[in-house]
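The values are calculated or read from the model by the stated rules, or taken from the named source; none is laboratory data. Quick caveat, the model's predicted, so the values are computed rather than measured. Positions of Cβ are generated from backbone atoms using ideal geometry, with glycine treated the same way; all protein chains shown enter the neighbour counts.
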Amino acid sequence: MNHVPVAIIGAGPAGLTLAHLLHLQGIESVVFESRTRQAVEETVRAGILEQGTLNLMRETGVGERMEREADHDEAIDIAINGENIRIPLTELTGHKVAIYPQHEYLKDFIAKRISDGGELLFETTVDSVENYQGDGPATITYTDADGTTHQLSADYVVAADGSSSPSRSLVTADGGIRARHEYPYAWFGILVEAPKTQKELIYATHPEGFALISTRTDTVQRYYLQCDPEDTPDMWPDDRIWEQLHLRADSPGITVSEGKIFDKAVLRFRSAVTEPMQKGRLFLAGDAAHTVPPTGAKGLNLAVADVSVLAPGLTRAIKRNDTGLLDDYSKLAVPRIWKAQHFSFWMSSMLHAVPGEDHFATQRRFAELRSVLDSEAGQRYLAEQYVGRDLPRFDY
Ligand code: PHB
């Protein structure tokens, strides 16, 4: 049986970032990904990199294209019922964010992994993870793209295989917790061939609900509208989309730019946190452990924060036989996850109309938002959470 120090299940932000960080320490890994490379590189996802995430890309030699192509934003706008308020993120926090969608991040890490000669197996399904609680290595059984089944032994296994991770139940069995929250709304997301409405993002709220004006390139824009979780794209003909975007997000001097819509999809809103995130030699990272709703786009950044603990933890364990940091992984990762969970929940609740909400509920919601925005302390609080905390830093 072949042996590898670290087996990573899933080529998403957590898995690919971890493989890259380990490689920089001279530790090899195998990454298993059930989808094709094309599917991974083309799935449309949210797109904000916190300052810590962009620093990591820069410092580890993966940031060149991001630096060149991403919009680096120093502010966001919040529009309340047609009145636009600017939050100067950089002035308040010293930090910026980059608008760089997740699939672009993944393309850069996949290209780097391949040029570094890393093992990245697409269309390969992990069938089972066994022996992860003993003193010896764990056993991975997997089926490759040709349908052939193999086994591999690994000192450590990291399940970074997304929100429906089959490995999660191995970690939560015997007393683990999976805390969940469902939201009474979802986002209807579109891609449009249109010029930018403006450079910075607009988070808009209105008695009829939320809208987000985001961007992809000079000629492609990403817009979202709050919708019902059961809505389907055929319920959103183009004229309904434009009517609702203008109603919710236009403000004096700002008109949402229109164009040809070429992608429509409904994004579900869910929160979930798994505790602990480890059992024996098996660790959960990214969405396999926790899911946040898309408001604020914290998902990718949280995945990067997880592996900023796991990478030095695994390195110390493998190189120096010191498992201290690895043993503390959940204890170190979970408080940050709950803070991001709270921020995403809080922003979502202030900006979205609960279906059927009455005048009292709408006005209270607007007043909460105004109380935050009318105070410098309030704006700074929101800005600090939005740009994110520095990533955890540990010696390797
Ligand atoms: C996006 O551009 O997809 C995006 C931006 C900001 C968010 C969520 C999604 O808060």
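Output yes when any residue across region 244-260 is in contact with a strand residue (DSSP E or B) (Cβ under 7 Å, 6 or more places away or on another chain) and within 14 Å of the ligand (Cβ to nearest atom), and no when none is. Scanning region 244-260 turns up at least one residue that is in contact with a strand residue (DSSP E or B) (Cβ under 7 Å, 6 or more places away or on another chain) and within 14 Å of the ligand (Cβ to nearest atom).
Being outside any loop (DSSP other than H, G, I, E, B), under 24 Å from the mean Cα position of the chain (by Cα) and surrounded by fewer than 19 Cβ atoms within 10 Å (Cβ to Cβ) narrows it down to one of Ser169, Ser153, so name that one. Quick ask: steps written out before the conclusion?
Details: Ser153 fails: under 24 Å from the mean Cα position of the chain (by Cα).
Only one candidate qualifies: Ser169.
Only residues that are over 19 Å from Tyr185 (Cα atoms), in a helix (DSSP H, G or I) and among the charged types (D, E, K, R) were counted across region 351-383, and they come to 4.
Working only within region 174-225, note down all residues that are among the hydroxyl-bearing types (Ser, Thr, Tyr), closer than 20 Å to Glu104 by Cα and more than 10 Å from the ligand (Cβ to nearest atom). I'd like the intermediate steps shown before the answer.
Here is the first cut: in region 174-225, the ones among the hydroxyl-bearing types (Ser, Thr, Tyr) are 183, 185, 197, 203, 205, 214-215, 217, 219, 223-224.
Next cut, closer than 20 Å to Glu104 by Cα only: 214-215, 217, 219, 223-224.
Within region 174-225, Thr217, Thr219 qualify.
Restricting the search to strands (runs of 3 or more DSSP E) fully inside region 173-218 and requiring at least 3 residues that are touching a helix residue (DSSP H, G or I) at 6+ places or on another chain (Cβ under 6 Å) gives 202-206, 209-215.
Exactly one condition in (1) surrounded by 17 or more Cβ atoms within 10 Å (Cβ to Cβ); (2) away from the ligand (no atom under 16 Å from the Cβ) is not met by Met235; state its number. Condition (1) is where Met235 drops out.
Could you tell me whether Thr124 is surrounded by fewer than 17 Cβ atoms within 10 Å (Cβ to Cβ) and either modelled with pLDDT under 95 or not charged (D, E, K, R) (or both)?
So Thr124 fails the test.
Here are the criteria: (1) over 30 Å from His206 (Cβ atoms); (2) surrounded by 15 or more Cβ atoms within 10 Å (Cβ to Cβ); (3) of a type in the set (A, V, I, L, M, F, W, C). Tell me which single one Met1 does not satisfy. Checking Met1 against (1) over 30 Å from His206 (Cβ atoms); (2) surrounded by 15 or more Cβ atoms within 10 Å (Cβ to Cβ); (3) of a type in the set (A, V, I, L, M, F, W, C), the one that fails is (2). All of Gly313, Gly286, Gly296 fail the test of being among the small types (Gly, Ala, Ser), assigned by TED's automatic domain parsing to the domain that holds Ala159, at pLDDT below 95 and crowded, with 20+ Cβ neighbours inside 10 Å, apart from Gly296.
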